[in-house]
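These notes are about the structure you will find just below.
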Amino acid sequence: MIKSYSASTREIDDASAAVTEIKEALDLENNLLTNSLGIVSCFSEFETTGVLKEICDALPFDCIGITSALCSVTGETDQIIFTITVLTSDDCEFKTSLIPIDEDYEKNINSSVSPLLKQCEKSPSLILGYFPLIHTIGGDMILAALDKATGGIPIFGTVAIDHTMDFKTSMTIYNGNAYREHAVLGAIYGEIDATYQIATLSEEKIRKQRAIITKSQGSLLISVNDKTVSEYLNEVGVSESDMLGIVPFVVGYDEGRTLIARAVYALTPEGSAACAGIMPEGATLSIGRIDEHDVQLTTKEAINRITDDGYFVLVYSCVARYFALGLSADKEVEEISKAKSDKDYHFAYSGGEICPVKNADGKLKNFYHNFTIVMCKIR
């Protein structure tokens, strides 16, 4: 069994005070079991001021995570905040790894994952994955390489973001150090019960009209129904500004049974679309729309499906959902907090969500998502 304890601090300039606040809230002497792992989400300036490093150095276990635009634990929600949840267990082990993500990312992943998997007799039950935001090497590409290297072990996690418009200070976190171009893994070994839940758009927010992806190159969508993407969007009455904001593509995997939302980064002069995930030829394609009401509704439905007990829930939500909430940016977190009675959850906004989905055979398959909130209950 895994137990969890969370803490937060807004002490962004006083490292000593921040360390004291975190350690007192975690009560390590009374709460730590044999093996532990820290999951961190924080405002990026905690790295600049050195507070991130001081806190992690003061803790007797590895810490992994991301910077984010807004974070929440145990009812404490803010943009300028440091949050940490400690997973601790007598019968599970936690192993971590730091992987450079560059042009040799597949080779780097293979060389890092192999020794990670060999650290215990049995394979991990779950891998927590934290990816850098690199447009030339998308999160789905990193996930595909990890999925292959691990043999399909369930992977849950997110892509780092921050509070800036271009995410220029977004970083992954490993033991107090922050990285712009490294992935961080936390492998959980032992018998655990992990339950996954996702929510994206309500069914009524997805157009019934289905098209077919007729040509693509990885995440570059070239043609839909044998038309350029621009021609297709004009045909269905969707503007370029909407497509780059509140309107995602919805791609049907597994012969249309699994719907995955995909953001669009840019429309090229040739009329193609640079998307935030692989767009497989032959898959169905629909158009959706995200708004404030739907974000709150789908989050409430998802968290209520997974919180039937007091176990820890790790939650990451797409920053597009955050933007859709506008001035009500904390409303999604409120739904999580209410369902969890301000206990046993860790929430942060995401630049891409990583969560397994069951295929037609009931087997978990790793997927990379956009416009989605993902949840993992661990016990």
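Examine the range 12-28 for a residue that is of a type outside the set (Phe, Trp, Tyr) and under 20 Å from the mean Cα position of the chain (by Cα), and state whether such a residue exists. No - not one qualifying residue is present in the range 12-28. On the stretch given as the range 182-219, residues that are under 17 Å from the mean Cα position of the chain (by Cα), under 23 Å from Leu98 (Cα atoms) and not aliphatic (A, V, I, L, M) total 2. Apart from one condition, Thr136 fits all of (1) closer than 19 Å to Ser68 by Cβ; (2) without any contact (Cβ under 8 Å) to a residue 40 or more places away in the chain; the exception is (1). When the residues of the range 165-184 are narrowed to those that are among the polar types (S, T, N, Q) and assigned to a loop (DSSP other than H, G, I, E, B), which ends up farthest from Asp140 (Cα to Cα)? So the residue we want is Asn175.
Somewhere in the range 309-322, is a residue modelled with pLDDT under 90, part of a helix (DSSP H, G or I) and out of contact with any Ser or Thr (no Cβ under 6 Å at 6 or more places or on another chain)? Yes - at least one qualifying residue is present in the range 309-322. Across the range 271-289, the number of residues qualifying as surrounded by fewer than 21 Cβ atoms within 10 Å (Cβ to Cβ) and within 14 Å of Glu203 (Cβ to Cβ) comes to 2. Considering only the range 252-270, I want to know if a residue exists there that is in a helix (DSSP H, G or I) and surrounded by fewer than 22 Cβ atoms within 10 Å (Cβ to Cβ). Checking the range 252-270: not a single residue is in a helix (DSSP H, G or I) and surrounded by fewer than 22 Cβ atoms within 10 Å (Cβ to Cβ). Against the conditions (1) without any contact (Cβ under 8 Å) to a residue 60 or more places away in the chain; (2) within 23 Å of Cys318 (Cβ to Cβ), Arg262 satisfies every one except (1). Exactly one residue among Gly256, Gly245 is modelled with pLDDT under 85, of a type outside the set (A, V, I, L, M, F, W, C) and at positive phi, and that residue is Gly256.
Among the residues of this structure, Ala274 counts as one that is touching a residue at least 24 places away in the same chain (Cβ under 8 Å), outside any loop (DSSP other than H, G, I, E, B) and over 17 Å from Ala199 (Cα atoms). Those residues that are part of a loop (DSSP other than H, G, I, E, B) and closer than 26 Å to Ala263 by Cβ, I need them from the range 185-211; list them, please. Selection gives Thr200, Leu201, Ser202, Arg207, Lys208, Gln209, Arg210. Among the numbered conditions (1) crowded, with 21+ Cβ neighbours inside 10 Å; (2) outside the structural domain of Val236 (by TED's automatic domain parsing); (3) of a type outside the set (A, V, I, L, M); (4) farther than 17 Å from Ser125 by Cα, the only one that Gly186 does not meet is (4). In the range 331-363, which residue that is without any contact (Cβ under 8 Å) to a residue 40 or more places away in the chain and on the phi > 0 side of the Ramachandran plot is surrounded by the fewest Cβ atoms within 10 Å (Cβ to Cβ)? Out of the qualifying residues, it is Gly362.
The values are calculated or read from the model by the stated rules, or taken from the named source; none is laboratory data. Note that the coordinates shown come from a computational prediction; the quantities given were computed from them, not determined experimentally. Methodologically, a virtual Cβ is constructed for each residue, glycine included, from the backbone with ideal geometry; neighbour enumeration extends over all protein chains shown.
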